[in-house]
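Presented below is the structure to which this report refers.
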Amino acid sequence: MSEFEPKIVAFCCRFCAYTAADLAGSMRLQYSPNIRVVEIPCSGTIEHGVLLKTFEKGADGVYVAGCNLGDCHFLKGNIRAKKRVAAVKKILDETGLGGERLEFFHVPASEGTKFAKVANEMTERIRRLGPSPLNRNRAGNAQKEGGQTA
């Protein structure tokens with residue numbers, strides 16, 4: 001059996017975390033290829049439903065990355081995002097998916113190395129946790145039905 005490779009989605013603020021991801025690439029820093037970066041206007045625009053839907057669509061882990069406290073271009077977007085992530089983590093715990101599969105990180109635009117570090121940390125965390133229970137159930141059902149797994 002091959003080693004589990006998690007699917008991780010990173011919702012990154014355009015002004016900070018996404019810029020840090022770009023800088024990490026420019027610096028040719030190595031970080032996990034398991035990360036799928038999604039640029040969003042501000043981390044504060046992330047909605048509860050989007051985070052939950054991302055897991056439903058097959059992500060094993062998700063994180064939101066925004067500006068440092070006090071540096072948000074939209075003043076309090078990152079504070080709003082942290083609260084939303086905390087609320088969704090509770091939902092994930094209550095439903096048995098596990099809140100540790102979701103996280104919020106402050107990643108300033110000038111810190112490409114921090115972006116790479118966060119990406120690697122999340123990948124290792126999700127590897128330890130294993131596939132999302134939703135994905136395990138989906139794979140089991142597909143095998144029972146004789147279908148292919150994604």
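What to note about this one:
- Scan of segment 25-34 for residues that are in contact (Cβ under 8 Å) with a residue 40 or more places away in the chain, loosely packed, with under 14 Cβ neighbours inside 10 Å and part of a loop (DSSP other than H, G, I, E, B), ordered by number: Met27, Gln30
- Restricting segment 42-56 to residues that are in contact with a helix residue (DSSP H, G or I) (Cβ under 6 Å, 6 or more places away or on another chain) and without any contact (Cβ under 8 Å) to a residue 60 or more places away in the chain, the residue that is most open to solvent (accessible area, probe 1.4 Å): His48
Listed here are the residues, each with its yes/no results for (1) among the polar types (S, T, N, Q); (2) closer than 15 Å to Asn78 by Cβ; (3) open to solvent by less than 10 Å² (accessible area, probe 1.4 Å).
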{"site": "Pro6", "(1), (2), (3)": "no, no, yes"}
{"site": "Cys12", "(1), (2), (3)": "no, yes, yes"}
{"site": "Ala17", "(1), (2), (3)": "no, yes, yes"}
{"site": "Leu23", "(1), (2), (3)": "no, no, no"}
{"site": "Arg36", "(1), (2), (3)": "no, no, no"}
{"site": "Ile40", "(1), (2), (3)": "no, yes, no"}
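The values are calculated or read from the model by the stated rules, or taken from the named source; none is laboratory data. Not measured: the values here are computed from a predicted model. In this analysis, Cβ positions are derived from the backbone assuming ideal geometry, glycine residues included, and neighbour counts consider all displayed protein chains. Surface accessibility is based on the protein's heavy atoms, side chains included, excluding ligands, DNA and RNA. Shrake-Rupley method; radii C 1.70, N 1.55, O 1.52, S 1.80 Å.
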